[in-house]
Amino acid sequence: LIDHVTAKPGMAVIAVVAAGWDWQTRRLPNWLTLGAAGLGVALSALPGGVSVSGSLLGGLVGLAVGMTAFAAGILGAGDGKYLMALGTFFGPVQLLYAILAMAVAGGLLAIVESARQGTLWVSMLNAGAGLKHLLTLGQLGQLPERKTAALGYVPYGVAMSAGALFWWFMGGRA
């Protein structure tokens, strides 16, 4: 975890910008995700935090997890690249813990958004079918469509930012 005095404000600004951008546009542009990744690596070169190699490895882990989730239809491509960027700040191990915080934030956001849209029951049924599909390795159930008129769309960059900031400011320790 990068402990340098500029890292926390830098990560906070990136997270707020990413959350706001994703909320408004439902996408995370390359200039934001790749720029954030570059900043994370650059800050890792400063003393007192994760090493440059740890930052790069965190970015690779984030990219691998993010693009796997994209290929499975769970995240958008921008979300996957944003996870890579967050990995450069956290390093590989702390990123995995931060992903758990992001998942909790994403679940809460999905509940709030589906309740707001009046689709909570449909969302819960689809979540159950998707979980059944994943737990049985695709033998039962099915993955629901990521974006449907019935379910709307949850800007997951918002949840990723919230979870990352929570983990970061809680000390980022397992």
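The values are calculated or read from the model by the stated rules, or taken from the named source; none is laboratory data. The structure displayed is predicted, hence computed values, not measured ones. Backbone-built Cβ (ideal geometry, glycine too); neighbour counts: all protein chains shown. For the accessible areas, the whole protein counts, side chains as well, though only heavy atoms, and no ligand, DNA or RNA atoms are used. Shrake-Rupley method; radii C 1.70, N 1.55, O 1.52, S 1.80 Å.
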Margin query: Normalised radius of gyration for the range 42-125, please: alpha carbon Rg relative to 2.2 N^0.38 Å, two decimal places.
Written below: 1.31
Check: Based on the Cβ-Cβ distance from Val122 to Val16, what FRET efficiency comes out when R0 is 35 Å, to the nearest 0.05?
Finding: 0.65
Margin query: Rolling a 1.4 Å sphere over the protein heavy atoms, what is the accessible area per residue of the chain, to the nearest Å²?
Written below: 51
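Over 25 Å, how big is the tail of the calculated P(r) for the chain, in percent of all Cα pairs?
Counting pairs separated by more than 25 Å, the tail of P(r) holds 32 percent.
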Next item on the list: For Leu100 paired with Ala77, estimate the spin-label separation in nm (one decimal), with each label point 7 Å from Cα along the Cα-to-Cβ line.
Entry: 3.2
Notebook entry, point to check: Which residue, Pro155, Pro47, Pro29, tops the fluctuation ranking in a GNM of the chain built on C-alpha contacts under 10 Å?
Noted result: Pro47
